[in-house]
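> Okay, handing you the structure first.
A short reminder: the numbers here are calculations on the coordinates, not readings from a lab. Since the structure is predicted, the reported quantities are computational estimates derived from the model, not experimental observations. Here the Cβ is made from the backbone with ideal geometry for all residues, glycine too, and neighbour counts use every protein chain on show.
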Amino acid sequence: MKSLGFTVSIILTVHSLCMGSHIVGGEISLEYLRGNSYNLGLVLYYDQANANRPLIDDEITLGIFRKRDDRLVKAIDIPLGEIRPVNYSNSACVPDSLKTLQIDYSIQANLFVTEFSDSEGYYITWERCCRNSVVSNMLNPGSTGMVFYLEFPSLQDYPFNSSPKFDNVKGDYICRNQGHELLFSATDADGDLLVYDLVVPLAGHTQNTNPYSNLTPGPYPIVQGFFPMPSNPQMAIDPTGLITVRPLAPGLFGFTVRCQEFRDGNKIGEVRRDFQIPVTNCPSNPAPSFQLFANGFEMMEGDTLIAQGRDSLCFQLKAWDTSDQDRLAFSIEPKNFEPFEEESFDPAAGFTFGPEDTVRSEFCWPRCFISETDYVFEFDIVVTDFACPIPNKTIKSFKLISFPEENQMPSIETEFEEYEGRVGEELRIRVSATDPNIDDILTLEFIQSLSPEFDIPNEFNYESGDGWADGELIIYPDCQHLDPDEFDLHFSVFDNSCRENSSDTTSTTLIVADYKAGESDFTPPPNVVTANGDGYNDVFSLPETLPGKCEKGAFENVYIYNRWGQLVFESKNKKFEWSPLSETAGNYFYLIQFEEFSYTGYIMVIR
């Protein structure tokens, strides 16, 4: 690989840079939590080669000073927190001697408005010595201290304010005579305007003979003999916090990024991050090469591709590298639209084994990723190698027009506008759909009624072909579905186009009724009554199961007559019991009335 022969030399170079060094940089943070509570923290970047446990402070003390007169308002002790390694862009390239630790200190502190109400604001500092002894752009860096510095406004004028917070740093080294981008951006929880610049680092008052902070107020002396990293063009930071640099000489270079916070045109605070970057002589790393093909034709940079809405347009990529062995990664980077959610090159990366070897991949423009107008999508295809220390890449720009297709709306209809079904029956409602675009693939969907809630067990199945679909809904109602007993059932059809007029909806009103009882459904009760008190056939009553499965209004009355037609018993209670204790033996006649039919029979009373 490109980095194999280089790794040994960079280890030797960086090892010599790290001898006797320890502090790399860091920054303070102030985050509002609730009430009077703030999270106050400090991040210290530290050479792991010299990060012996005794050199790491178990506790630090930050001083908060009033800007108006530099008076110490409050001192806050902060305990040691998490210690973890700093990430690198390409961790496989990093020797142990270059690895950096991130040491976090933090505490939840109470800052009261009564303490911090001065309109000119306040600053928080911590001083510590010493910097790396071989920093190239400072005089006597090994005996020069570092000032961690943050400003915040009056808590009365700007309550609940959080200071800008720098994003996680990367501890990469960079190459001489190569252009690099280093991201030192911050975020602000309050949405304040952030302005970045590169400033001369502060040295403070600590020295190698007095390395600890004594809560000394500002102003603080700057680093003596400091000069910016030699670069062509000059090292610069843009409004997003992106540093661009093309170093001209090897060495270890320190710098400070200041992030100022503005609200309504007024500066209300700032935070500074000190850091350092090793520059070394790197071997030549030519960028990878690639070709892009669509529909069998090679696309030149700047070409415009054409796609129809529902048709997938796939690009084929062929990439190679001049090294003996390398890994190449592929990506698409939108310029004027949001990134795709899931789509990527397949495969997303691959290895080359020699200058003549190639890697092939494919990216398919997502189906229906279109605009209703003739919209031009602009994007870059990027092929990146994994060379040390910073991967090199080749970028080519392309355009794509995804035309919306002509589409006619499908239609759907049901077998019934209103359908009455009864408890205990298997109810079936058929739907059918067609599409004027006979090549469209249709999808049917049953949308259950929401008001009232449709909780009847059901099955919905459909079959479809080119331009048609037929479906059937099977419903299995029981007694609990009689209240409510009317539902609006909706059915929809969708075609596979990418336009708005790609669906249609219809509905059926379903009415669920009770089981319709008939005379043949009635099982007559036993017609012999002994009325002798022995517990057998002592009364005349109805059986447990009555016509009408839900018994909703099924039973109305019972009448019992003697042989002379005289009424001897009547009841509207379906659980009636007639015990003829005072009646003579003989035959009696009964009439049982139900909601939809009546049933007559005789009773034999035996003494």
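> What does the charge dipole of the chain about its Cα centre add up to, to the nearest 20 debye, if the Cβ of each Lys and Arg holds +1 and the Cβ of each Asp and Glu holds -1?
3980
> Here is a follow-up. Relative to the Cα centre, what is the charge dipole magnitude of the stretch 139-217, using +1 at the beta carbon of each Lys and Arg, -1 at the beta carbon of each Asp and Glu, and rounding to the nearest 20 debye?
Roughly 440 debye, rounded to the nearest 20.
> A further question follows. Which is farthest toward the positive dipole end of the chain among GLN48, LEU581, PRO211, measuring Cα position about the Cα centre, with Cβ charges +1 (Lys, Arg) and -1 (Asp, Glu)?
With unit charges placed on the Cβ atoms, the residue in question is PRO211.
> Using a 10 Å cut-off around each Cβ, can you sort PHE166, PHE416 from fewest to most neighbouring Cβ atoms?
PHE416, PHE166
> Straight-line reach only, C-alpha to C-alpha below 18 angstrom: list the aspartates and glutamates that LYS572 could link to, leaving out same-chain residues fewer than 8 apart.
Cross-link targets: GLU544, GLU551, GLU556, GLU595, GLU596.
> Multiply the residue gap between ASN87 and ASN214 by 0.36 nm, knock off their C-alpha separation, and tell me the result in nm, one decimal place.
42.5 nm
> Using a Förster radius of 30 Å, what is the FRET efficiency between LYS574 and GLU420 based on their Cβ-Cβ separation? Nearest 0.05, please. Walk me through the intermediate numbers first.
Numbers: r = 26 Å, r/R0 = 0.86.
Computed FRET efficiency for LYS574 and GLU420: 0.70.
> With the crude spin-label approximation of a point 7 Å out along Cα→Cβ, what separation in nm comes out for ILE511 versus GLU378?
6.4
> Sticking with this one: Among LEU33, LEU489, LEU198, LEU317, which comes first, second and so on when ranked by fewest other beta-carbon atoms within 10 Å? All intermediate terms of the calculation are to be shown ahead of the outcome.
Numbers: LEU33 12, LEU489 24, LEU198 17, LEU317 21.
Ranking LEU33, LEU489, LEU198, LEU317 by Cβ neighbours within 10 Å, fewest first, gives LEU33, LEU198, LEU317, LEU489.
> Here is a further query. May I ask which residue of LEU33, PRO389, THR505 lies farthest towards the positive end of the charge dipole of the chain, with charges of +1 (Lys, Arg) and -1 (Asp, Glu) on Cβ and the Cα centre as origin?
The one lying farthest along the dipole's positive direction is PRO389.
> Also: Could you list HIS180, HIS22 so that the one with the fewest beta carbons within 10 Å of its beta carbon is first and the one with the most is last? The partial results should precede the final answer.
Numbers: HIS180 19, HIS22 24.
So the residues, fewest neighbours to most, are HIS180, HIS22.
> Angle check, please: helix 4-18 long axis (alpha carbons) against the longest principal axis of the chain (alpha carbons), in degrees 0 to 90, nearest 10.
Rounded to the nearest ten degrees, it is 60.
> Could you work out the relative contact order of the chain? I mean the mean sequence separation of Cα pairs under 8 Å and 6+ apart, divided by the number of residues, in percent.
Working: 1529 pairs, mean separation 55.5, N = 607.
Contact order relative to length: 9 percent.
> Rounded to the nearest 0.05, what FRET efficiency do THR114 and GLN234 give with R0 = 45 Å and r taken as the Cβ-Cβ distance? Could you check?
0.45
> Just subtract the alpha-carbon distance of MET604 and PHE369 from 0.36 nm times their residue separation and send over the number in nm, one decimal.
Fully extending the segment from MET604 to PHE369 adds 76.2 nm.
> If you place +1 on the Cβ of every Lys and Arg and -1 on the Cβ of every Asp and Glu, how big does the dipole about the Cα centre of the stretch 360-438 come out, in debye to the nearest 20?
In total the dipole reaches around 780 debye.
> For ILE76 and ARG563 in the same chain, what is the full-extension length gain: residue separation times 0.36 nm, less their Cα-Cα distance, in nm?
Gain in length upon complete extension: 164.5 nm.
> Taking all pairs of different Cα atoms in the chain, averaging 1/r and flipping that mean, what Kirkwood radius in angstroms comes out?
32.9
> A further question on this structure: Above 21 Å lies some portion of the pair distances; for the stretch 289-403, what is it as a whole percent of all C-alpha pairs?
Value for the stretch 289-403: 36 percent of Cα pairs lie more than 21 Å apart.
> Shape call for the stretch 411-513 from the C-alpha gyration tensor, a ≥ b ≥ c root eigenvalues: rounded (a/c under 1.5), prolate (a/b greater than b/c) or oblate? Spell out each step's value before the answer.
Working: a/c = 2.83, a/b = 2.22, b/c = 1.28.
Prolate, because a/c is 1.5 or more and a/b exceeds b/c.
> Can you give me the distance in nm between label points at ALA585 and ASP455, each placed 7 Å from the Cα along the Cα-to-Cβ direction?
Modelled inter-label distance: 5.6 nm.
> Need one number: nm distance between label points at GLN291 and ASN266, each 7 Å from Cα along Cα→Cβ, rounded to one decimal.
6.4
> Take the Cβ-Cβ distance between VAL539 and GLU486 as r, set R0 to 45 Å, and report the resulting FRET efficiency rounded to the nearest 0.05.
So the FRET efficiency works out to roughly 0.65.
> On to the next question. With respect to the cross-link table entries LYS318/LYS399; LYS170/LYS335; LYS74/LYS99; LYS267/LYS393; LYS74/LYS165; LYS99/LYS165, which display a Cα-Cα separation exceeding 30 Å?
LYS74/LYS99; LYS267/LYS393
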